[in-house]
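FYI, it's all coordinate maths here, none of it is from the lab. All figures in this text were calculated on a predicted structure; none of them were measured in a lab. Note that we place each Cβ from the backbone using ideal geometry, even for glycine, and neighbour counts take in every protein chain shown.
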Amino acid sequence: MEVTDSFADTRALYDGRIGLLPTMGYFHEGHLSLMDMLRERCDTLVVSNFVNPTQFDKEADLVAYPRDVERDGELAAEHGADIHFVPSVEEVYPPGSSTEVTVGAVALGMEGKYRPSHFVGVATVVAKLFAGLRPDVAVFGKKDAQQIAVLKGMVTDLRFPVDIVAAPLVRDPDGLALSSRNVRLTPAEREAALAISRGLFQAAMQIEAGERDPDRLEGTVSRSMAKLGTDYVELVAADTMEPVSMLDGPAVLAVAAHVGEVRLIDNLSIEWDNGRAKPDRGMILEEPGRLGTLH
Ligand code: AMP
């Protein structure tokens, strides 16, 4: 595996079909499963590792974001990466850089409402990665469901010739969605955070039993999360990310909540098979994720 810090040096190493996994580093088993999935779909696997300052609304969150590029490099190499691309802020945002990508309605609700500049930062950095690295295929995790909808919209609108693949949401055996931020939870906070996935799984059972009323499904999750600082619990259409008045098509039940100092997001995507609603609880690990729980 090669480690690069410039777009041009990275492209000079290319061979065949190029796959890109954009990340902000501090890898856990969720990132590794995305690498494994992409490895099968490309010849040259590029894992980018860049804590993108423009997608953080709060300076404190950016400063507290965990980083360990060396460990990340070892894990990426073990999971078949050919190139670990670790650019500087100047490589991604050249001095005087002033161009931004603003995605429309799909970026306005939920995360867009609570973190107003977040998706401009995400769309801008991913556009730069696509333009600078020119991948044929890129993988994103369903953990960030609204991010996938925003980036699919961007790729369609700006005509980027990139296939976007959505990968399963990876959870610890107790249900907690893996996140680089989990490392900042104390053991008591981690226990409290389980109210999120517990609520989503209760809603999943209600959906399987035929419940189609968004208020009741959102109510189930909100009650489970009553002791957390909930930002939102919303049932939205999978493509537009707009609230639905009835669950009758592909949808996402999405939540965001504060647990202590840490803000967590999670969701249940609801797919359909022959007229039957199929809540997707994601990929549940058999063993607790080693990487996401290190203190
Ligand atoms: P991040 O480093 O947090 O920006 O995440 C990089 C990629 O990994 C994004 O596409 C995320 O959606 C994805 N990802 C993060 N956590 C998970 C998870 N628990 N399951 C699946 N994908 C994830």
Fewest to most Cβ atoms within 10 Å: Tyr26, Tyr93 sort as Tyr93, Tyr26
³J(HN,Hα) across region 240-254 via Karplus (A = 6.51, B = -1.76, C = 1.60, θ = phi - 60°), whole Hz, x for Gly/Pro?
8, 6, 9, x, 10, 8, 7, 7, 9, x, x, 8, 9, 9, 10
Tell me the volume per residue, in Å³, of the convex hull enclosing the alpha carbons of region 106-151.
65
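About its Cα centre, what dipole magnitude does region 1-152 give when the only charges are +1 on Lys and Arg Cβ and -1 on Asp and Glu Cβ, stated in debye to the nearest 20? Spell out each step's value before the answer.
Values: 14 positive and 23 negative charges, 146 e Å.
Magnitude of the dipole: close to 700 debye.
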Considering only Thr240, Phe201, Pro187, whose Cα is most displaced toward the positive end of the charge dipole of region 140-278, charges sitting on Cβ of Lys, Arg (+1) and Asp, Glu (-1)?
Pro187
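Tell me, what is the Rg over Rh of the chain, with Rh the Kirkwood radius over Cα pairs? Numbers along the way, then the final one.
Working: Rg = 18.7 Å, Rh = 19.6 Å.
Across the chain, the Cα-based Rg/Rh ratio is 0.95.
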Using the 10 angstrom Cβ neighbour count as an exposure proxy, how do Val262, Val122 rank, fewest first?
Val262, Val122
Mind listing which GluC sites (Glu not before Pro) in region 85-188 are in a DSSP loop and have 15 or fewer other Cβ atoms within 10 Å?
Glu100
What size of dipole, in debye to the nearest 20, comes out for the chain about its Cα centre when the only charges are +1 on Lys and Arg C-beta atoms and -1 on Asp and Glu C-beta atoms?
500
Give a quick list of trypsin sites (Lys or Arg not before Pro) in region 220-264 that DSSP marks as loop, anything other than H, G, I, E or B, with at most 10 other Cβ atoms within 10 Å.
Lys227
Taking a quarter of the surface of the convex hull around the Cα atoms of region 96-180, what do you get in nm²?
6.6
Please determine, in degrees from 0 to 90 and to the nearest 10, the orientation of helix 145-157 with respect to the longest principal axis defined by the Cα atoms of the chain, where the helix direction is its Cα long axis.
50
Let me know the Rg and Dmax you get for region 9-158 when you use only its Cα atoms, in Å.
15.0, 41
Select from region 1-100 those trypsin sites (Lys or Arg not before Pro) which occupy a DSSP coil region and have at most 16 other Cβ atoms within 10 Å, ordered by residue number.
Arg17, Arg41, Lys58, Arg67
Among Met37, Met154, what is the fewest-to-most ranking by other Cβ atoms within 10 Å?
Met37, Met154
